[in-house]
Number of protein chains: 2
Amino acid sequence: MNAQPLIDHFESFLPLSDTERQLIESRVARRIVRRKEEILRAGHLCRHYSFVAEGCLKMYVVDTKGVNYNIQFAAEGDWIADIGGFHSGKPSQAFIEAVEPSIVFTIEKEDLYHLYRSISKLDRIFKVIIENKFVELQNRVLQNISSTAHERYRSFVEQYPKLVQRLPNTQIASYLGITPEFLSKVRKDLSRH
Amino acid sequence: MNAQPLIDHFESFLPLSDTERQLIESRVARRIVRRKEEILRAGHLCRHYSFVAEGCLKMYVVDTKGVNYNIQFAAEGDWIADIGGFHSGKPSQAFIEAVEPSIVFTIEKEDLYHLYRSISKLDRIFKVIIENKFVELQNRVLQNISSTAHERYRSFVEQYPKLVQRLPNTQIASYLGITPEFLSKVRKDLSRH
DNA sequence: GTTTACCCTTAAACTATGTTAAGAAATGAG
DNA sequence: CTCATTTCTTAACATAGTTTAAGGGTAAAC
């Protein structure tokens, strides 16, 4: 099994030995995910971390009225999982599904824990990965509490220009915490300067 | 130097040997921080991670109009730092200051990196610490994009009942992303059921 | 123990965002 | 290629949250 994109990703943080690479490959699965296919359903256990090699997935929750809220997008090079549920073993409250045809590398909980024990630098690598994601998320919180929808949309376009091309605006609106109708108005306002 | 609260904190994740405890103590400083004293100023470098043993600190940014936005509170048992700036070595955009008289244990960057190299289980421990903080932050983002101010305030009270006693409402409003005036209205609405 | 600075509340007018509904445009599946 | 579905836009009206201003209450600091 060829997990090269994932290996490359790890090696962008720290070099790995041949043995380590082989051990990682032996514990990773490659999976093709079709558009709209779910890899996690609310109420089920989140059994794996997923690394996105191609395409894009989203994690979202659905409230009692059936409204969806996008918590996270994960495109090429990003990770996605319900981290809390993954470690606690409790049923997830979130869904994860592909918004485009995608290829992901998944690591099951037992395999990830085994890898942590065998390759201690993976603790370091994942610590750095999640630190980076933490900082991103903190910036998002800051945007949410300090900026108008216009500013948040402009920031999103600046920070994720590729996603803007690839995602329908309904999905972006859900991520920004506004309605698609209002996003439409925001875009009109911004387009005429 | 007695860093027992910090040692206890680490040992709530994984046990440490005597040698490890001593090494940690040798790289940690205990600091008393007075109310309103700043331990980080925007424009300066964030040189240390701080573990709060007593009291409470906040991290906030100030926009061009002089308005403050509270990104995070850290009370007993929590960590606080501008993680992005700490690792990148770039000037911070945030302030960190005590909202109560506090006692913190600080670790300088060089010391923390040294500890990571000498005690590899600290990579694991900090990975878990930040995973937990990530999950908390993700829930906060979800609240921000899905809930009204009333719901966000109720959640805050539920999740941080002690902080509600200890912080002025202005600080909580800034954390929730609303004005103090509107929080006052929210509190009135909620108080009469 | 005053005094000063900060904090809380209220209310009216204003602005940002949500809701509903409907038609037009774009896109995916067969 | 074409149908079915999803997405985008517009507009009128409704609600959530802000601004400004003012008075009274609390708590920190000297």
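The values are calculated or read from the model by the stated rules, or taken from the named source; none is laboratory data. Please read these numbers as outputs of a predicted model, since none were measured by experiment. Glycine also receives a Cβ, built like all others from the backbone with ideal geometry; neighbour counts cover every protein chain displayed. Remember, those area values only see protein heavy atoms, side chains included, never the ligands or the DNA or RNA. Shrake-Rupley method; radii C 1.70, N 1.55, O 1.52, S 1.80 Å.
Here are the numbers for this structure:
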item: From A:170, A:148, A:179, residue being polar (S, T, N, Q), out of contact with any Ser or Thr (no Cβ under 8 Å at 6 or more places or on another chain) and away from DNA strand C (no atom under 11 Å from the Cβ); result: A:170
item: Residue within region A:37-58 that is assigned to a helix (DSSP H, G or I) and open to solvent by less than 60 Å² (accessible area, probe 1.4 Å) present; result: no
item: Residue in region A:103-113 that is without any contact (Cβ under 8 Å) to a residue 60 or more places away in the chain, crowded, with 16+ Cβ neighbours inside 10 Å, part of a helix (DSSP H, G or I) and touching a His at 6+ places or on another chain (Cβ under 8 Å) present; result: no
item: Tally of residues being more than 10 Å from DNA strand D (Cβ to nearest atom) and hydrophobic (A, V, I, L, M, F, W, C) across region A:175-193; result: 3
item: Failed item in (1) facing chain B (nearest Cβ under 9 Å); (2) away from DNA strand C (no atom under 16 Å from the Cβ); (3) surrounded by 15 or more Cβ atoms within 10 Å (Cβ to Cβ), with residue A:120 passing the rest; result: (3)
item: Evaluation of residue A:143 against (1) away from DNA strand C (no atom under 13 Å from the Cβ); (2) in contact with a Lys or Arg (Cβ under 8 Å, 6 or more places away or on another chain); (3) in contact (Cβ under 8 Å) with a residue 12 or more places away in the chain (one fails), failing number; result: (1)
item: Region B:127-162, residues that are within 11 Å of another protein chain (Cβ to nearest Cβ) and of a type in the set (Asp, Glu); result: B:131, B:136, B:151
item: All positions within region B:151-174 that are surrounded by 14 or more Cβ atoms within 10 Å (Cβ to Cβ), within 12 Å of DNA strand D (Cβ to nearest atom) and within 17 Å of residue B:77 (Cβ to Cβ); result: B:166, B:167
item: Residues (of a type in the set (Asp, Glu), out of contact with any Lys or Arg (no Cβ under 6 Å at 6 or more places or on another chain) and more than 28 Å from residue A:72 (Cβ to Cβ)) located in region B:109-137; result: B:110
item: Restricting region A:79-110 to residues that are among the charged types (D, E, K, R) and within 14 Å of chain B (Cβ to nearest Cβ), the residue that is farthest from the chain's Cα centre (by Cα); result: A:90
